[in-house]
Every structure is written in structure tokens, then in C-alpha cells.
1. Return the Rg/Rh value of segment 119-173, two decimal places, where both radii are evaluated on C-alpha atoms and Rh is the Kirkwood radius.
2. Given the convex hull of the Cα atoms of segment 208-254, what is a quarter of its surface area in nm²?
3. Highest first, please rank the peptides 217-226, 471-480, 78-87 by the mean number of other Cβ atoms sitting within 10 Å of their residues.
4. In what sequence do THR444, THR385 fall when counting other Cβ within 10 Å, fewest first?
5. Looking at segment 173-209, which trypsin sites (Lys or Arg not before Pro) are DSSP coil and have at most 16 other C-beta atoms within 10 Å of their C-beta?
6. Just subtract the alpha-carbon distance of ILE13 and ALA433 from 0.36 nm times their residue separation and send over the number in nm, one decimal.
7. First measure r as the distance between the Cβ atoms of VAL361 and GLU303, then evaluate 1/(1 + (r/R0)^6) with R0 = 22 Å and state the FRET efficiency to the nearest 0.05.
8. Please state the charge dipole magnitude for segment 57-198, taken about the Cα centre, from unit charges on C-beta atoms (+1 on K and R, -1 on D and E), reported in debye and rounded to the nearest 20.
Amino acid sequence: MLKSTIKVSPNKIISEIDDRLYSSFIEHMGRAVYTGIFEPGHEKADENGFREDVISLVRPLNLDYVRYPGGNFVSGYNWRDGIGPKEKRPVRMDLAWQAIEPNTFGIDEFCMWCRKAGIKPMIAVNLGTGTPKEAAELVEYCNAPAGQTALSSLRCENGSKEPYDIKLWCLGNEMDGPWQICAKTPIEYARIAHESAKLMKLVDPSIQLVACGSSSAQMPTFGTWERTVLRECWDVVDFISIHSYYQNLDNDRPAFLAQNEKMEEFIHKVASIKDEIKKEKNSQKEVYLSFDEWNVWYHCSKEKQDHALWTCPRPIEEEAYDFDDLLVVSSLLTTLINNSDTVKISCLAQLVNVIAPITTVPGGQSYVRTIYWPFLMACKYGRGTALKQEIQAPAYSCKVKDEASYLASSCVLAKDRKSMYVFAVNKAQEDMALSLIGFEGHMTMWTSLSEAGPKENPICQKEQIVLKALSSNVFCFDINY
Ligand code: AHR
């Protein structure tokens, strides 16, 4: 049997975990909105067309933010198309996904949906075809007090006297990507991001802004992009974004299970560029990382997808997740927790139907995919303080790393400081003995995840745990100081 040890103490901390680490994403893409969260006429839909069966799967996640309306979609989107009387809203071509956009769901519906689901909106503005003025006007429409301006009166007419008070905004999406509508060079983006940020913060100085980082670590401009954007925008932004999707196209399981090592490396690279610019500017201010798109995404690309163009909804990228994906998502979540000193926001991309933990049948039922379970566990038990670990575990060599650990883990001291949660993934094909040392306390819960959901295991001594081969586990300990 393999052997591992985690030494952890409630006094040795990485960081308080920002609740925004548990966020997600809904884009006007595929069936995320139409027949996903919004399906008027569905038997479970409320008077606004919001599917309550979907909301009841979203609520247990207790998500902090959901990012909207894109994604690539936002770079061709005019937010004004999605407000006002529905019969007057224009039907448009969505060039990002070559679908028809009926605009029957827009910013007002999204904010209403968020209120109902107990979530805060994180809104991306269009810096592709859009302008700084349009971005600032959207902030005004959403956040200005009733009666103050024409735009805030328009919001009242459209149903919300209360400002939406949206605190978190993204300055465009993946503007480095050649696929992006009106993609930009680093300096072109840096300038428009700076000017948009300036105007948006003049409208509402209380907002926080996320500048686009590279759309992946493989982009040819990765590094140059971050340096240019941060040099230009340091004083006006609060976060730089980081996006990554993980794949197993070669059917290389060991490498796939090591994707969290890749995520860690990417985070460290971006964080060190950010630190370099901070030093260069001799700044007291901090900029954090917003990992606002991450997930496993590759199953659909293995099959030919020939969904008719210019339809709505165009049912693309509906990933059927399996148990290996559950293990990878579990491991990625440990990495996000272990880097919570620099990563303050992270959005599982996406939430419903499109590369998502929740799936709906149009006119039918909704259900969850395997990756829902590790996400649920982290959302429930991963809040509080991330603790430092001294880990001893066997390693293996694969394409991702010469010494990839068979164990992925994170330890979280709960907000009440009375319990500690340990997330532990055994990636080996054999069982692994795990000894947890360095603190006083007793196990009160041991949950392991199957494709069908969490199942309880018998409580045991914390020095005598045996993690099953290929398993994702969550433990709870009461803590004696
Ligand atoms: O989440 C799906 C897509 O992936 C988003 O629209 C884009 O930002 C990324 O490339």
C-alpha cells in the first residue's frame, strides 16, 4: 500500500479564503440561458420563465458570484438589445457562436435570476465591438440610484427601482484570442481597458474591475500580454483574469490526473508577473488573480458537432462528464484553495448545460453531472482559512511533470474555527494510507465521492486513514487548541 502524511496546524495559514472563490459562469452560449436557466412555459418555470428545478440544484452550491453574459459572446453584444419590452427587443446574429440571439433574456432578467438564486452578478462589458462609453453606461444603468439619471429611470421602468449594485465587472473577455470578436494587441487592449475602467469607476467608484489576462498559458503573447496590461492599468484595476480548460485528448490518464500541477504552475507564473509589475511601480496597492474560467473541457471536441448554425438555442458543448473528470475537478479545487492568497475569485465555467455540472432536458427534467459533487463539497466545506500543509506522498512521472504527486490535498479551517476540513484525492491505482498529523482533534465526517454523489465512510483515527485507489474524499475534524 502507498503511504502519505499531511502535517497541518490551525496556526499555520496560507490565507483567508475569499468567498468569491466559489463562483461560476453563465454565458449566452448553447443552452446555458435558453432552455437552461430560462425556459418560459416549462412546467417548473416561474412567472419570469426561470426554471425552479435548476435553481434548486444551484442553491446548495451557495455560489458567491455568477459571471455573465460571456465569454466570447460579450464581445459582440449590445446590452441595450436585452432591455425593455420583450416584443420590441431585436433578434440578432450572435457571431461568437453563430447562433440566433432572441434577446428575450438580458441584464434585468439576469439580475432578477441572481436575486432569486441568492447570487451576486459579475458582469463582463463588451470591449470587442463595444466602447468605454457603452461600458460606463451599463454601470450607470445598473448602479445609479432611482431617479438620478435617464438611464437609472430606464432601469426603474424596466422593473427595478432598487439599483442592482453590481460590484464586480470584467473588462471584456479573452481579448488576446484571434477567435474573439475584434481581438486586440496587448497595447490596444491595455488602452481601451484603461479608459473603460476610468469611466466605469467615475460612474461608481465602489466597483472592482478585472482586466483580461491571456486566454491560456499557451497563447503566443502570454507574459507580454500580462505585463503590458498591468503596466498600463495597474492603478485602475483590481484583478487580472486567468482562464484554463483541461483536456485528455490523448487518453493519457496519468497526465490528465496531473492537471492540477499545470494549474498551479500557471497561477505561479501569472502571480510572479503581477509581483514584478508591482515592484516596478513601487506600488502599495495589490492586484489579485481572478481565475474566472476553469473546468475540464474536451469530450465534445472528440466528436463532430454539426448543430445547425443560426438557431436558438444551438446546443453546443454539452460535456458528458465521467469519474476521471470528477477526480480532476476535485484536484483543481485543492489547487485553487492552496493558492487562495493570490487567487481571490474563481468561476467554474460554466454552470448549466454548456461545459457544466448541471444539465437540463428542454421541456423535461434537470440533473447533475459527476463534476457537480466535488464542486458542491468545496462550495460547502472549503470556506474559511486555507492552511499550509507539509505533504509527504509518492509521486509519478508523466507528460505534465517528472514528479507529479499521487495525492492532491488542501486543508481548510472553517469560519467558526472549530472544525477543519481536509480534501484529499488519491490519483493512484492502489490504496493509499494517509496519516494526518500536527493537530489535536477527532474525525467527525469522512465523505467520498462516487459518480452518483457523496457517500459516508466509517469514522477512524486520523493517523489511520486509507484512501481508496482513485478516490476523492472530504474529512471533517473537530479541533482542540
Ligand atoms: O466558456 C466557454 C468559452 O471559453 C468562453 O466563451 C470563452 O471565454 C472561452 O474561450
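The numbers here are math on the coordinates, done by the rules we state, and not lab data. Remember, predicted model here, so these are calculated numbers, not experimental data. Every residue, glycine among them, receives a Cβ derived from its backbone with ideal geometry; neighbour counts consider all protein chains shown.
1. 0.99
2. With the hull built on Cα positions only, its mean projection is 4.3 nm².
3. On the way: 217-226: 17.0, 471-480: 20.4, 78-87: 15.2.
Descending packing order for the listed peptides: 471-480, 217-226, 78-87.
4. Working: THR444 12, THR385 18.
Final ranking by Cβ density, sparse to dense: THR444, THR385.
5. Working: sites: LYS184, ARG191, LYS198, LYS201; in loops: LYS184.
Answer by residue number: there is no such site.
6. Values: separation 420, 0.36 × 420 = 151.20 nm, distance 2.49 nm.
Difference between extended and current length: 148.7 nm.
7. Numbers: r = 19 Å, r/R0 = 0.88.
With R0 = 22 Å, the Cβ-Cβ based efficiency is 0.70.
8. Numbers: 17 positive and 17 negative charges, 56 e Å.
For segment 57-198, the charge dipole is close to 260 debye.
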